[in-house]
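The values are calculated or read from the model by the stated rules, or taken from the named source; none is laboratory data. Just so it is clear, the structure is predicted and the values come from calculations on it, not from any experiment. No Cβ is skipped: glycine too gets one built from the backbone with ideal geometry, and neighbour counts run over all protein chains shown.
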Amino acid sequence: MSKATFLLRLIPSLAPISQVERLRSSCGALLGILLTGFISTLAVGDDASLPLLIAPMGASAVLLFAAPSSPLAQPWSILGGNIVSSAVGVTCALLIPDPVVAAAIAVAVAIGVMLLLGCLHPPSGAVALTAVLGGPAIREAGYAFVFSPVAINSLLILVVALVFNNLTGRRYPHLAPAANPHNTDDPLPSQRLGVVPEDLHAVLAQYGEVVDVSPEELDGFIHQAQIRAFTRRSGEITCGEIMSRDVATVSPDTALRHAWRMLIEHRISALPVVTEKDGLVGIITQTDFMKHAVLTPEGRLQTGLRERVGNVIGLPPKSPRLVSEIMTRRVQSALPETMIAKLVPPMADMGLHHMPIVDADNRIVGIVTQSDLIAALFQRRIEADASMRDVA
């Protein structure tokens, strides 16, 4: 192996990063450090003996703005890591006379405590080192150094990162996954075959080292890769190929009695809600009706005590009951060219039974149900098995 080849292998293999992402990261770091320093100056005053900005904040900015999805860049990591490490550093500086020995012990203990508390943050090692070797002003400040500038700097740059990342389209912080939407102990349908979270956790436990990506993020990447592979195997079937095109719809001002009759007559369980101006604006399902009690003989919903008492003593209804009052407004939709593999996670894991299909102008052009999806996948499997038999 040549020296050039060996040196090239030393360059880490990073995921592809767009030019926009590079610019976003740099601008975020610029804004984060600038605002942290400026606000710290206003809060403490520029004549303070302690530094208004500590050097480890530059390393924190790299994580917060260039790698916001990293477990090492989450709020508890930066706040807990920096505060704990600064307290450890101050303690070592006060108890150990030799600064070199104190610095080494401070960094070692800080890493151990951060791992124990689940707040590992690499720049916090530099915070512990700064607390020991930062100079007479920091040494004289003692535990006040933990509050200012460490806690203040950490909190300010964290707030800037939270606002900036979300305004520029990057989700932050990365929260732990929500519980099963069905409130059961069963794994989600998409996690019962193939690589499941238990497999991933077992492999990570066997690996036994710090991995700079959360198990949930890693599981998400694997899941997306599986969907891409499934798309190839399923022959890239699109929603436009399997959707129902003659779709029964209602408008927001349709009477609930009429909408209910449509569900019964068409033997369906959902109706897309559309308007001339905006196209698809919602969906009304049997579940929406069930959430709002039951229908009266007149086709109205009994939604509260007044309504029930009014039906008995003859009080006039409080207001007309329309589709707009109970419909689900935040409705997921897909385009005709969307691959059906993309519909598997929301339909399997989120319990969606219907996926409205819209065009580029948000006009309803069809609908895909769980039955359509199952039938398409089953037919594709039959065709694939037949092809393999012909080859054999």
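Numbers below:
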quantity: Among (1) surrounded by fewer than 18 Cβ atoms within 10 Å (Cβ to Cβ); (2) assigned by TED's automatic domain parsing to the domain that holds Pro136; (3) more than 20 Å from Leu158 (Cβ to Cβ), the one test that Ala102 misses; calculated: (1)
quantity: Contacts under 8 angstrom Cβ, first residue in region 89-115 being under 11 Å from Gly125 (Cα atoms) and acidic (Asp, Glu), partner crowded, with 19+ Cβ neighbours inside 10 Å and at pLDDT below 95, 6 or more apart; calculated: none
quantity: Residue match in region 6-14 (condition: touching a Leu at 6+ places or on another chain (Cβ under 8 Å), modelled with pLDDT under 80, outside any helix (DSSP H, G or I) and not basic (Lys, Arg)); calculated: no
quantity: Yes/no for Val109 being more than 25 Å from Ala15 (Cα to Cα) and buried (at least 22 other Cβ atoms within 10 Å of the Cβ); calculated: no
quantity: Residue ID - nearest to Ser26 (Cα to Cα), chosen from residues in region 45-61 that are modelled with pLDDT of 90 or more and buried (at least 18 other Cβ atoms within 10 Å of the Cβ); calculated: Ala61
quantity: Residue within region 305-322 that is surrounded by 11 or more Cβ atoms within 10 Å (Cβ to Cβ), modelled with pLDDT of 85 or more and either farther than 20 Å from Val368 by Cβ or in the same structural domain as Gly366 (by TED's automatic domain parsing) (or both) present; calculated: yes
quantity: Residue satisfying all of: in region 69-87; out of contact with any Ser or Thr (no Cβ under 9 Å at 6 or more places or on another chain) and closer than 13 Å to Leu117 by Cβ; surrounded by the most Cβ atoms within 10 Å (Cβ to Cβ) among these; calculated: Ala87
quantity: Residue list for region 240-257, restricted to those being assigned to a loop (DSSP other than H, G, I, E, B) and either in contact with an Asp or Glu (Cβ under 9 Å, 6 or more places away or on another chain) or not basic (Lys, Arg) (or both); calculated: Met243, Asp246, Val247, Ala248, Thr249, Ser251, Pro252, Asp253, Thr254
quantity: Some residue of region 281-304 being at pLDDT below 55 and either among the charged types (D, E, K, R) or in contact with an Asp or Glu (Cβ under 6 Å, 6 or more places away or on another chain) (or both); calculated: no
quantity: Residue in region 356-377 that is at pLDDT below 85, outside any loop (DSSP other than H, G, I, E, B) and under 25 Å from the mean Cα position of the chain (by Cα) present; calculated: no
quantity: Flag if Val62 is over 22 Å from Leu158 (Cα atoms) and in contact (Cβ under 8 Å) with a residue 24 or more places away in the chain; calculated: no
quantity: Among (1) in contact with a Pro (Cβ under 9 Å, 6 or more places away or on another chain); (2) hydroxyl-bearing (Ser, Thr, Tyr); (3) in contact (Cβ under 8 Å) with a residue 60 or more places away in the chain - the single one Ser70 does not satisfy; calculated: (1)
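Results for (1) touching a helix residue (DSSP H, G or I) at 6+ places or on another chain (Cβ under 8 Å); (2) modelled with pLDDT of 75 or more, shown as yes or no for each residue.
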position	(1), (2)
Pro187	yes, no
Arg192	no, no
Val196	no, no
Leu200	yes, yes
Leu204	yes, yes
Gly208	no, yes
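For every residue, the table says whether it meets (1) within 30 Å of Ser18 (Cβ to Cβ); (2) more than 33 Å from the chain's Cα centre (by Cα).
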site: Ala73; (1), (2): yes, no
site: Gly80; (1), (2): no, no
site: Ser86; (1), (2): no, no
site: Val90; (1), (2): no, yes
site: Leu94; (1), (2): no, yes
site: Val100; (1), (2): no, yes
site: Ala104; (1), (2): no, yes
site: Ile111; (1), (2): no, no
site: Leu117; (1), (2): no, no
